[in-house]
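The values are calculated or read from the model by the stated rules, or taken from the named source; none is laboratory data. Computed from a predicted model, the values in this text were never measured in an experiment. Methodologically, a virtual Cβ is constructed for each residue, glycine included, from the backbone with ideal geometry; neighbour enumeration extends over all protein chains shown. When the accessible area is computed, the model is the full protein with side chains, heavy atoms only, and any ligands, DNA or RNA have been set aside. Shrake-Rupley method; radii C 1.70, N 1.55, O 1.52, S 1.80 Å.
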Amino acid sequence: MLNIQKLLINYNFSNRNESIKFIVIHDVGETGSTAQNNRDYFSGGNRGASADFFVDSNNIIQIIDYINNYSWAIGDGHGAFGKTNGNSVSIEMCLESNGQPSEKTIQNTLELTNYLMKQLDIGISNVVRHYDCSHKCCPESFSDNNWAKWNQFKARLSTPTPTIKFRKVLKVIKSNALCINPITGALVKKFKVGDLLTAIDSDSVWWVLTIGEISKANCVEVITPIKSTTITSTPTLGTVTATTLNVRESPNVNSKIIGQLTKGEKVKIDCKRGNWYSTFYGDHGGYVSADYIK
Ligand SMILES: [Zn+2]
């Protein structure tokens, strides 16, 4: 992947308080502008809009510190479909003079999306169009033939699976517990005291999460109580020897008949009371005379 050029702007974002659940793909709409042109526009004053990344054939430019802040890219949906500026990160593709992103721009956008999916632990189903957030026709350059190019884009995303050695539930015990990318050392996510995480691997110092690593000093392992096992015995089976055999509510001949069994039928016997077997019959069970069961 190209280096991410971090050219942060001073306007057009808010403080992020929620975790990022969605990666939203856009195109800039306007033809012939570069990533730098778009960065300069949003850096130039209060625009009432923005995005986190701009991508062209040769550049990936990040303009917002998306871990701590969020851009204003899908506010037109007013939170429709569960997607908000606060829980998403937005990537804008620049367009050539023909109104399409170049193949290089698409490739760069795919690589950036793969990177963010891994960094933020976001699954492929949460990589969405601006259209999925507000029904704005964006990225319009992908919309022809019932979004055929969008479907191709999604099919080209990789779906990496981390190696899971175990699953241990951790509870965060220190404020501002940081999860970092083990390769770059970059901050991936901040956790609060009481947050529950799942570790999939560890070494002497670090717990490995699917999104990065967190120091063992920041967490305690939650020991899940072991469920007591219910002992289920195999029931004894008896065979009906009478032509018809009444099943009664209680173990006596005067009690209500709740059903009938026929010769050769097998019944599950629970226990014997006097000369009666308690059997599993219907919802509540019933009693049959032991004289007609062998
Ligand atoms: Zn858009």
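Things to note:
- The range 100-130, residues that are more than 26 Å from residue 17 (Cβ to Cβ), open to solvent by less than 20 Å² (accessible area, probe 1.4 Å) and within 16 Å of the ligand (Cβ to nearest atom): 101, 105, 109
- Selection within the range 18-40: residues that are of a type in the set (S, T, N, Q) and open to solvent by less than 40 Å² (accessible area, probe 1.4 Å). The member of this set that is farthest from the chain's Cα centre (by Cα) is 33.
- The set of residues in the range 58-69 being in a strand (DSSP E or B) and within 24 Å of the chain's Cα centre (by Cα) consists of 69 alone.
- The set of residues in the range 196-221 being within 22 Å of residue 116 (Cα to Cα), open to solvent by 40 Å² or more (accessible area, probe 1.4 Å) and assigned to a loop (DSSP other than H, G, I, E, B) consists of 210 alone.
- Sole residue being in contact with a Lys or Arg (Cβ under 9 Å, 6 or more places away or on another chain) and either without any contact (Cβ under 8 Å) to a residue 40 or more places away in the chain or under 21 Å from residue 147 (Cα atoms) (or both), chosen from 124, 67, 61: 124
- Residue within the range 48-60 that is of a type in the set (Ser, Thr, Tyr) and either closer than 22 Å to residue 180 by Cβ or touching a helix residue (DSSP H, G or I) at 6+ places or on another chain (Cβ under 7 Å) (or both) present: yes
- Single unsatisfied condition, residue 72 versus (1) more than 20 Å from residue 181 (Cβ to Cβ); (2) open to solvent by 30 Å² or more (accessible area, probe 1.4 Å); (3) within 29 Å of the chain's Cα centre (by Cα); (4) away from the ligand (no atom under 12 Å from the Cβ): (4)
- Taking the range 132-150 as the range and being open to solvent by less than 30 Å² (accessible area, probe 1.4 Å), within 11 Å of the ligand (Cβ to nearest atom) and outside any helix (DSSP H, G or I) as the test, the residues that pass are 138, 139.
- Given (1) aromatic (Phe, Trp, Tyr); (2) closer than 23 Å to residue 34 by Cβ; (3) open to solvent by 30 Å² or more (accessible area, probe 1.4 Å); (4) within 16 Å of the ligand (Cβ to nearest atom), index of the condition residue 153 fails: (3)
- Lone qualifier among 292, 277, 281 - being modelled with pLDDT under 90 and touching a Leu at 6+ places or on another chain (Cβ under 9 Å): 281
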